1. Looking only at the stretch 137-159, filter to residues that are assigned to a helix (DSSP H, G or I) and out of contact with any helix residue (DSSP H, G or I) (no Cβ under 8 Å at 6 or more places or on another chain); which one of those is nearest to ASP125 (Cα to Cα)?
2. Among (1) in contact with a Leu (Cβ under 6 Å, 6 or more places away or on another chain); (2) in a helix (DSSP H, G or I); (3) away from ligand 2 (no atom under 16 Å from the Cβ), which single condition is CYS27 missing?
3. Report the residue count in the stretch 160-217 for those that are over 30 Å from TRP120 (Cβ atoms) and in contact with a Leu (Cβ under 8 Å, 6 or more places away or on another chain).
4. Could you say which residue among PHE46, PHE13 is within 16 Å of ligand 3 (Cβ to nearest atom) and under 30 Å from THR141 (Cβ atoms)?
5. Got a sec? Which of ALA37, ALA43 is more than 10 Å from ligand 1 (Cβ to nearest atom), touching an Asp or Glu at 6+ places or on another chain (Cβ under 8 Å) and of a type outside the set (Ser, Thr, Tyr)?
6. Return a yes/no flag: does the stretch 87-108 have any residue that is within 16 Å of ligand 3 (Cβ to nearest atom), farther than 30 Å from LEU35 by Cα, among the small types (Gly, Ala, Ser) and touching a Lys or Arg at 6+ places or on another chain (Cβ under 6 Å).
7. In the stretch 52-122, which helices (runs of 4 or more DSSP H) lie fully inside it and hold 1 or more residues that are open to solvent by 50 Å² or more (accessible area, probe 1.4 Å)?
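The values are calculated or read from the model by the stated rules, or taken from the named source; none is laboratory data. Everything numeric in this text was worked out from a predicted model, so none of it was measured. Note: ideal-geometry Cβ built from the backbone for every residue, glycine included; neighbour counts use all protein chains shown. Areas reflect the complete protein model, heavy atoms only, side chains present, ligands, DNA and RNA absent. Shrake-Rupley method; radii C 1.70, N 1.55, O 1.52, S 1.80 Å.
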Amino acid sequence: PHSTAKPTRGAFFLLEGVDRCGKTTQCQRLLQRLLQAGIAATAMRFPNRTTSTGQLIDSYLQQTSNMDDRAIHLLFSANRWESADMIVEQLKAGTSIVCDRYAYSGVAFSASKDNMDLEWCQAPDRGLPAPDCVIFLDMSTEQAEERGGYGQERYEKREMQQRVRQRFQELSQLDDGVQWKFVNAAQTMDQVEDDIWSIAQQTLEQVQPEVRQLWQS
Ligand code: DGP
Ligand code: NA
Ligand code: NA
């Protein structure tokens, strides 16, 4: 008897949210849950500040350098493209990916600046490996700010964060075939972790063999 092996690959989990929503902690927790369940998994985050584009981005975010809005937007996108092949390879090798920010942050932040059009911002990220779900850690900017205040980086200001949250809401409604799951990030860390874990389990069951391309027809 021959078994038709279920085509398996890793799942691409993307966590998105405004600054200080607890995303980084939850990425670590999701990674741990996956590993404890015996699921091969790895963590990733964007911007990846370790590469040469990432170093330019880091200095821009820390406001030690300035850059044209479009130029920095394209650098953020390039920073993701640098990892695109590796993402697909990992998924195909059966390793799930827990990713802290991706193209949706790319558009939400850049399109919150003056004269930056949403579709223009999407263009350079078209064709990136698409996530299997976006887990959006949702919380009001007031709640985020109450968490010890924002840091010193470029976008960590109330007005900007409010616009970014609005942009994320618009992006969640795109008919792009990517499922968004909203999690109330104002709950305790354990509650948030449990919500994310149940979303992750559903996602794992629904993974399709092919890795889709983001924002392409
Ligand atoms: P983090 O290391 O996750 O705190 O992200 C650094 C900051 O950069 C944060 O305010 C979100 C913002 N950001 C992340 N990705 C992009 C992007 O692609 N474009 C722009 N303009 N900002 C981004
Ligand atoms: Na930040
Ligand atoms: Na969608």
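1. GLU159
2. (3)
3. Selection size over the stretch 160-217: 5.
4. PHE13 is the lone residue from the list that is within 16 Å of ligand 3 (Cβ to nearest atom) and under 30 Å from THR141 (Cβ atoms).
5. After ruling out the rest, the residue left standing is ALA43.
6. yes
7. 52-61, 69-81, 84-92, 118-122
Yes/no per residue for (1) touching a residue at least 12 places away in the same chain (Cβ under 8 Å); (2) within 26 Å of ASP117 (Cβ to Cβ):
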position: GLU16; (1), (2): yes, yes
position: GLY22; (1), (2): yes, no
position: GLY38; (1), (2): no, no
position: PHE46; (1), (2): yes, yes
position: TYR60; (1), (2): yes, yes
position: ASN79; (1), (2): yes, yes
